Amino acid sequence: MQRRNFLATLAGAPAFLRGQTRRPNILFVMTDDQRHDAMSCAGNRWLKTPHMDRLAAEGVRFTEGFVTNALCTPSRATVLTGQYSHTHGVTSNARGSNAFRPDQVTFPMLLQKAGYFTAVVGKWHIASNPTGFDQWCILPGQGLYHNPVMIANGGRVQMRGHCEDVVGDQALETLKSRPKDKPFCLLYQFKAPHRAWEPSERHARLYEDVTFPHPPTFDVGLDDRPRAIRESDMQIADMPDFAQRGVPAHLSREERKKLNYQVFLRNYYRVLNGVDENLGRVLDYLDQNGLAENTLVIYTSDNGFFHGEYGMFDKRFMYEPSIRVPMLVRYPGAVQPRVDSRHMVLNNDVAHTVLDYAGVARPEWMEHHGASWRPLLEGRSAPWRDAWMYEYFEYPAVHCAGKMRGVRTDRWKLIHYIQNPQGHELFDLQTDPEERRNLYDVPEHRAKAAEMQARLERFRDLLKDDRSEDGAPMQECGNRMAPLRR
Ligand SMILES: [Ca+2]
């Protein structure tokens with residue numbers, strides 16, 4: 001239904017709509033490291049996610065949802081500011097570039113000023129404390145899986161239970177105790193799909209009898225790729241996490257890779273069951289309290305994840321498994337139900353979309369960094385992007401992925417690894433969706449490579465990206481993987 005028609009029919013709308021402000025409540029749900037196809041509504045064969053599927057059935061599922069920086073802290077800062085990493089300055093998970101500047105403005109701050117009750121619960125993972133929230137209850141850093149400590153409005157609180165259930169409890173408490181005379185904006189942020197994937201007791205035996213097939217590129221090596229990839233430390237064979245979980249140390253590297261892959265996927269899917277159940281608890285609360293109709297729900301993840309492509313896990317690179325994320329949007333009054341949209345949408349767009357629906361003017365400093373999804377969600381024809389820029393700056397650091405920028409259209413992708421020795425990759429996603437053949441130096445694609453490079457430079461000009469580290473030498477990245485703290 002078009003927005004115009006929707007407003008025209010408001011007089012005949014249910015009482016809960018007529019009685020409420022037209023400004024929608026905002027429920028922004030973000031998981032961690034959930035890749036785009038880790039939902040049953042995206043065709044996943046093993047995972048059952050009835051509540052994610054419900055959002056897709058009652059709203060729009062963007063099948064081409066991307067992050068412009070596939071790394072936890074920078075992506076979260078991009079969601080909050082609607083800006084690229086090079087502008088908001090949170091370019092890394094590591095100390096020194098993982099905190100907001102004191103003057104950084106975020107969309108929750110703008111909503112709070114506009115009269116919203118604002119809150120965040122769950123994983124925050126930005127070094128500076130949340131600002132712009134009436135209430136906050138976050139996991140410190142990555143947080144713990146079992147009986148986590150949380151920081152609630154600055155004070156430490158010892159919780160009992162699995163992290164996703166605890167975060168779900170906090171989301172429900174926040175909604176129950178909120179001031180009822182204001183619209184709310186709740187950021188509801190899960191942790192568990194992040195390594196090292198420790199499920200709750202009730203999910204600990206799921207998928208025991210499943211043997212997951214390998215992706216087609218499982219055994220394709222990286223020796224012919226640029227150094228920024230070749231020297232990365234993201235091979236499933238080297239995962240350090242599963243020594244205590246049935247992967248003996250004496251196995252050959254090849255055997256360990258195969259067994260790690262099974263243990264990894266089994267646990268990755270197990271923890272997503274906990275995410276979906278706790279998403280369902282909050283969606284049920286909205287239903288039971290007459291809030292579903294007037295709440296804009298956005299569901300996404302901070303980055304994608306490799307599931308064995310090129311033998312890898314983790315994210316960071318600009319390859320498809322890493323940059324693609326779930327993007328679900330439900331707002332029954334205005335957003336079309338049961339629509340799969342193929343428009344390319346970005347994590348940058350979240351802030352632009354939320355401000356648009358809340359009726360808050362978009363600050364000038366957000367311009368060009370993203371766009372509101374509103375015309376797409378409401379089925380109106382509008383000009384939309386046909387390309388976007390990617391960037392990654394965390395090097396040297398754990399996983400040793402070199403710095404890069406890139407540009408992607410619906411068919412082509414150019415990646416520029418910016419430190420010396422520099423490298424370029426050009427992929428035709430239409431004929432080569434697995435990104436096996438680098439066409440950058442192929443004579444017949446020289447013009448396309450030049451065109452894509454020119455597009456990247458135009459994006460950098462438009463977005464005032466004047467970082468000057470191009471050509472700085474790569475260093476010895478001796479920071480190899482260690483088991484994560486349990
Ligand atoms: Ca993440």
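The values are calculated or read from the model by the stated rules, or taken from the named source; none is laboratory data. Owing to the predicted nature of the structure, the values given are computational and were not obtained by experimental measurement. Positions of Cβ are backbone-derived with ideal geometry, glycine not excepted, and every protein chain shown enters the neighbour counts. All accessible areas refer to the heavy atoms of the entire protein, side chains included, with ligands and DNA or RNA removed. Shrake-Rupley method; radii C 1.70, N 1.55, O 1.52, S 1.80 Å.
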For residue 254, are the conditions met, namely being within 24 Å of the chain's Cα centre (by Cα) and either open to solvent by 10 Å² or more (accessible area, probe 1.4 Å) or closer than 30 Å to residue 179 by Cα (or both)? no
Checking the condition buried (at least 21 other Cβ atoms within 10 Å of the Cβ) and not basic (Lys, Arg), which residue from 344, 327 passes? 327
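In this structure, does residue 233 turn out to be surrounded by fewer than 21 Cβ atoms within 10 Å (Cβ to Cβ), within 30 Å of residue 424 (Cβ to Cβ), away from the ligand (no atom under 16 Å from the Cβ) and of a type in the set (D, E, K, R)?
On the way: surrounded by fewer than 21 Cβ atoms within 10 Å (Cβ to Cβ): yes; within 30 Å of residue 424 (Cβ to Cβ): yes; away from the ligand (no atom under 16 Å from the Cβ): yes; of a type in the set (D, E, K, R): yes.
Answer is yes for this residue.
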Any chance you could count how many residues in the range 443-478 are open to solvent by less than 50 Å² (accessible area, probe 1.4 Å) and either of a type in the set (Ser, Thr, Tyr) or free of Cβ contacts under 8 Å to residues at least 12 places away in the same chain (or both)? 1
Condition check: modelled with pLDDT of 95 or more, in contact with an Asp or Glu (Cβ under 6 Å, 6 or more places away or on another chain) and closer than 29 Å to residue 106 by Cβ. Does residue 337 satisfy that? no
Within the range 58-70, identify whether any single residue is in contact with a Pro (Cβ under 8 Å, 6 or more places away or on another chain), more than 15 Å from the ligand (Cβ to nearest atom) and small (Gly, Ala, Ser), and answer yes or no. yes
Scan of the range 18-67 for residues that are of a type in the set (Phe, Trp, Tyr) and within 17 Å of residue 334 (Cβ to Cβ), ordered by number: 28, 62
Quick check: is even one residue across the range 420-442 open to solvent by 40 Å² or more (accessible area, probe 1.4 Å) and not in a loop (DSSP other than H, G, I, E, B)? yes
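Say whether the condition of being without any contact (Cβ under 8 Å) to a residue 60 or more places away in the chain and either open to solvent by 20 Å² or more (accessible area, probe 1.4 Å) or within 16 Å of the ligand (Cβ to nearest atom) (or both) is met by at least one residue in the range 182-199.
No, every residue in the range 182-199 fails to be without any contact (Cβ under 8 Å) to a residue 60 or more places away in the chain and either open to solvent by 20 Å² or more (accessible area, probe 1.4 Å) or within 16 Å of the ligand (Cβ to nearest atom) (or both).
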Selection from the range 401-416 of residues that are part of a loop (DSSP other than H, G, I, E, B) and surrounded by fewer than 24 Cβ atoms within 10 Å (Cβ to Cβ): 403, 410, 411
Of the residues that make up the range 151-160, is at least one part of a loop (DSSP other than H, G, I, E, B), farther than 22 Å from residue 355 by Cα and of a type in the set (S, T, N, Q)? yes
Please work out which residue is nearest to the chain's Cα centre (by Cα), limiting yourself to the range 291-341 and to residues that are within 16 Å of the ligand (Cβ to nearest atom) and of a type in the set (D, E, K, R). 302
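Just to be sure, is residue 74 away from the ligand (no atom under 16 Å from the Cβ) and out of contact with any Lys or Arg (no Cβ under 7 Å at 6 or more places or on another chain)? Full working, then the answer.
Working: away from the ligand (no atom under 16 Å from the Cβ): no; out of contact with any Lys or Arg (no Cβ under 7 Å at 6 or more places or on another chain): yes.
When the stated conditions are applied, residue 74 does not pass them.
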Here are the criteria: (1) more than 16 Å from the ligand (Cβ to nearest atom); (2) open to solvent by 10 Å² or more (accessible area, probe 1.4 Å); (3) on the phi < 0 side of the Ramachandran plot. Tell me which single one residue 94 does not satisfy. (1)
Among residues belonging to the range 109-137 that are crowded, with 18+ Cβ neighbours inside 10 Å and among the polar types (S, T, N, Q), point out the one that is farthest from the ligand (Cβ to nearest atom). 112
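Mind listing whichever residues of the range 80-90 are surrounded by fewer than 24 Cβ atoms within 10 Å (Cβ to Cβ) and among the β-branched types (Val, Ile, Thr)? So that I can check it myself, show each step before the final result.
Here is the first cut: in the range 80-90, the residues surrounded by fewer than 24 Cβ atoms within 10 Å (Cβ to Cβ) are 86-89.
Across the range 80-90, the qualifying residue is only 87.
Rundown of residues vs (1) within 14 Å of the chain's Cα centre (by Cα); (2) of a type outside the set (Val, Ile, Thr); (3) at pLDDT 95 or above, yes/no style:
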residue	(1), (2), (3)
2	no, yes, no
14	no, yes, no
25	no, yes, yes
34	yes, yes, yes
61	no, yes, yes
67	yes, no, yes
Within the range 160-181, the count of residues that are more than 16 Å from the ligand (Cβ to nearest atom) and within 15 Å of residue 124 (Cβ to Cβ) comes to 4
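One line per residue, one yes/no per condition, for (1) out of contact with any strand residue (DSSP E or B) (no Cβ under 7 Å at 6 or more places or on another chain); (2) under 29 Å from residue 221 (Cβ atoms); (3) polar (S, T, N, Q):
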site	(1), (2), (3)
404	no, yes, no
414	no, yes, no
419	no, yes, yes
425	no, yes, no
433	yes, yes, no
438	no, yes, yes
460	yes, no, no
466	yes, no, no
470	yes, yes, no
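Restricting the range 151-168 to residues that are closer than 20 Å to residue 133 by Cα and not small (Gly, Ala, Ser), which is surrounded by the fewest Cβ atoms within 10 Å (Cβ to Cβ)?
First, the residues of the range 151-168 that are closer than 20 Å to residue 133 by Cα: 151-157, 166-168.
Still in the running and not small (Gly, Ala, Ser): 151, 153, 156-157, 166-167.
Numbers: 151: 17, 153: 13, 156: 9, 157: 13, 166: 26, 167: 29.
Among residues in the range 151-168 that are closer than 20 Å to residue 133 by Cα and not small (Gly, Ala, Ser), the one surrounded by the fewest Cβ atoms within 10 Å (Cβ to Cβ) is 156.
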The range 439-473, residues that are in contact with a helix residue (DSSP H, G or I) (Cβ under 6 Å, 6 or more places away or on another chain) and under 25 Å from residue 91 (Cβ atoms): 465, 467
Against the condition of a type in the set (Lys, Arg), open to solvent by less than 40 Å² (accessible area, probe 1.4 Å), closer than 17 Å to residue 186 by Cα and touching a residue at least 60 places away in the same chain (Cβ under 8 Å), how does residue 61 come out, does it pass? no
State yes or no: is residue 218 under 30 Å from residue 289 (Cα atoms) and either among the basic types (Lys, Arg) or open to solvent by less than 10 Å² (accessible area, probe 1.4 Å) (or both)? no
